[in-house]
Amino acid sequence: MAVTETKTEHGLAPATSHADQSAWGTENELIEAAHAASDEESRLPRKELFSRYMPGVIFSALLSLALVMEGMDVGLINNFFAQDAYINKFGWPDKNGKMHISATWQSAIGTGNNCGSIIGLLINGYLQSRFGSRRVYMGAMVLMTCTIFCLFFAVNVEMLLAGNILCGIPWGIFQTLTTAYAAEICPAAMRGYLTAWVSMCWGAGSFLAAGTLRGSLDLSGDASWKVPYALQWIWVVPLFLVGYFAPESPWYLVRREKIPEAEHALRRLARKDFYTEQTMAQTLAFMKHTNRMEKINAEHASYADCFRGTNLRRTGIVCMAWVVQILNGQSITNYAAIFLKAAGMGDMQAFNFNMGIQSVNIFCTIVAIVLMGMLGRRTFFFYGSAAIGFFMLITGILGCFPQTNGILIGLAVLLIFVQITFKVSLGPTTYVIVGEASSNRVRAQTIVLGRAVYVCGQICVQQLNPRMLNNVGDAWGWGAKAGFFYFGLCFIWAIWIWFFLPETMNRSFADLDYLFQKKTPARKFKTAPVDLFEFVDTDTSHKLEDDRIDDKTVTEVQEEKRA
């Protein structure tokens, strides 16, 4: 085997090149062996899987902790409006002389955060595909440090709006970067666990926000709202160091044709001496073959490629998965304190129930991660959406009765059930689906587009929920009757899931590329056979990789061959 003299990541020694793979068999044999090994891994016990790829699990889990900050921020934004000290600082008297922040400004502040997130999402789609995950992650962490100052030193609602727009930019970067990284650094059998962990980090942030808000009620003056903002600085330094020492995504390195660096990253992501020279040659051959398959629809890895060929269907699935996650009624739990106070519950009791609602996040996502290796993505999504729809219907019915103490407690318990169902099903599974359904070459861009659709849905939620749930100022005063609205949406989502959401569990990226190319119906993804060489054969692949055909795309070469 030849050794390629190249400067590897962090100044490491040159890695062995597997360009000459004849010692291990033909390229076809290497690809087929790697594909068979991927299928075999899907049948391994969970303990053995984690043992094999524990370094990758640790790096992915630590980088995903950035979503704790994002989840914490969303929880703070939505529930600060139920905190008296916050309202007294930034609010103004209503017609009855009571201090308040209007539903219009509540919506505007939340929308500002989402507008910033869209900017961050679009920036990340460009940066991550060109500079990799590590450098973008560290840069966003530095930016995060600076933008928190805007919220900490805010003196009016206008500064709150500006601060949330600025903070939304790095949060938007973290939203998609961590999901794409988790989907890429470990094999197909591990993807569900790592991408579901991303959801748990977001849920942990919501729980920390609820706990922080509850604890800050005992602080006096501005400290009761400044301390929760300041706590986000604690995460910056340790997470920056994690990004510095983490290996780059091997799929990114393969896309950039940095094969020696990709080999080194793969070895760092698995236990010591797991890869032999032969299995490494097989893995790299399989990754390069998958990359060539995806060039058919995404030669230049741009946003436009997300809408070409079969990528259009994949982008649609990713976008709809995000829509289902945000527009199902679970978003009411993020306004739990406001919702319960508006219904007549006392401040302290409302915040206590809010903590109870958010406390299920971590435990329930752990349950989902345990079940992820046994149940399909379609199963999680369909029954999760149906169950939340049922709870929303009951919520709407309870809203038709006088709001007695018993009804209020019943509504709080229903919100806990909604949160449990969401965190066991739709919450974590969405991250798995968007990581698996997107094409490897445009994964960052596809997830960005899907998350941008999610943020637009979140903007709708932040316009609707304050108006539906509040009963002061310019609010509509629907209260619990808002459950009827979300029940109707859940019914629509269940129909879409049944007919259009494919099963991606235990399918390699190459398998999924083939099934989308064949336009396989969603309900047949689980059992349909796969021919990896139908669209890209090894003769054409070899020419593309080693002979460097001048300025020709995969599609052009295939058309010449057919002619």
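The values are calculated or read from the model by the stated rules, or taken from the named source; none is laboratory data. Just so it is clear, the model here is predicted, and its values are computed rather than measured. Here the Cβ positions follow ideal geometry from the backbone for every residue, glycine too, while neighbour counts run over all protein chains shown. Please note that ligands, DNA and RNA were not included when accessible areas were found on the heavy atoms of the full protein model with its side chains. Shrake-Rupley method; radii C 1.70, N 1.55, O 1.52, S 1.80 Å.
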Residue count for the stretch 101-120, restricted to those that are of a type outside the set (Gly, Ala, Ser), open to solvent by less than 50 Å² (accessible area, probe 1.4 Å) and at pLDDT 85 or above: 1
Can you tell me how many residues within the stretch 462-521 are farther than 30 Å from THR290 by Cα and crowded, with 22+ Cβ neighbours inside 10 Å? 13
Among the residues of the stretch 381-407, what is the count of those that are part of a helix (DSSP H, G or I), hydrophobic (A, V, I, L, M, F, W, C) and open to solvent by 10 Å² or more (accessible area, probe 1.4 Å)? 10
For the stretch 147-160, name all the residues that are closer than 23 Å to SER107 by Cβ and not in a helix (DSSP H, G or I). ALA154, VAL155, ASN156
Within the stretch 83-100, track down each residue that is free of Cβ contacts under 8 Å to residues at least 60 places away in the same chain and either open to solvent by less than 10 Å² (accessible area, probe 1.4 Å) or assigned to a helix (DSSP H, G or I) (or both). ILE87, ASN88
Can you find a residue that is assigned to a helix (DSSP H, G or I), out of contact with any Phe, Trp or Tyr (no Cβ under 8 Å at 6 or more places or on another chain), within 23 Å of ALA182 (Cα to Cα) and open to solvent by less than 10 Å² (accessible area, probe 1.4 Å) anywhere in the stretch 266-275? no
Test set (1) at pLDDT 85 or above; (2) among the β-branched types (Val, Ile, Thr); (3) over 30 Å from VAL254 (Cα atoms) - VAL472 fails condition number: (1)
Just to confirm my filter: which helices (runs of 4 or more DSSP H) fall fully inside the stretch 161-258 and include at least 1 residues that are modelled with pLDDT of 80 or more, buried (at least 24 other Cβ atoms within 10 Å of the Cβ) and not polar (S, T, N, Q)? 188-216, 223-230, 250-255
Selection count where residues are in a loop (DSSP other than H, G, I, E, B) and basic (Lys, Arg), scope the stretch 512-526: 3
For the stretch 441-468, which positions are at pLDDT 80 or above, of a type in the set (Gly, Ala, Ser) and within 13 Å of the chain's Cα centre (by Cα)? GLY450, ALA452
Among the residues of the stretch 257-299, the number that are within 22 Å of PHE59 (Cβ to Cβ), without any contact (Cβ under 8 Å) to a residue 24 or more places away in the chain and under 27 Å from the mean Cα position of the chain (by Cα) is 2
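Yes/no matrix, rows are residues, columns are (1) of a type outside the set (D, E, K, R); (2) in a helix (DSSP H, G or I); (3) under 19 Å from the mean Cα position of the chain (by Cα); (4) more than 13 Å from ALA66 (Cβ to Cβ):
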{"position": "TRP105", "(1), (2), (3), (4)": "yes, yes, no, yes"}
{"position": "GLY110", "(1), (2), (3), (4)": "yes, yes, no, yes"}
{"position": "ASN113", "(1), (2), (3), (4)": "yes, yes, yes, yes"}
{"position": "GLY116", "(1), (2), (3), (4)": "yes, yes, yes, yes"}
{"position": "TYR126", "(1), (2), (3), (4)": "yes, yes, yes, yes"}
{"position": "SER129", "(1), (2), (3), (4)": "yes, yes, yes, yes"}
{"position": "GLY132", "(1), (2), (3), (4)": "yes, yes, yes, yes"}
{"position": "THR145", "(1), (2), (3), (4)": "yes, yes, no, no"}
Condition check: of a type in the set (Gly, Ala, Ser) and at pLDDT 85 or above. Does GLY396 satisfy that? yes
Quick one: is VAL413 of a type outside the set (Gly, Ala, Ser) and buried (at least 24 other Cβ atoms within 10 Å of the Cβ)? no
Which numbered condition GLU29 misses (of (1) within 19 Å of MET280 (Cα to Cα); (2) at pLDDT 75 or above; (3) open to solvent by 60 Å² or more (accessible area, probe 1.4 Å); (4) not β-branched (Val, Ile, Thr)): (2)
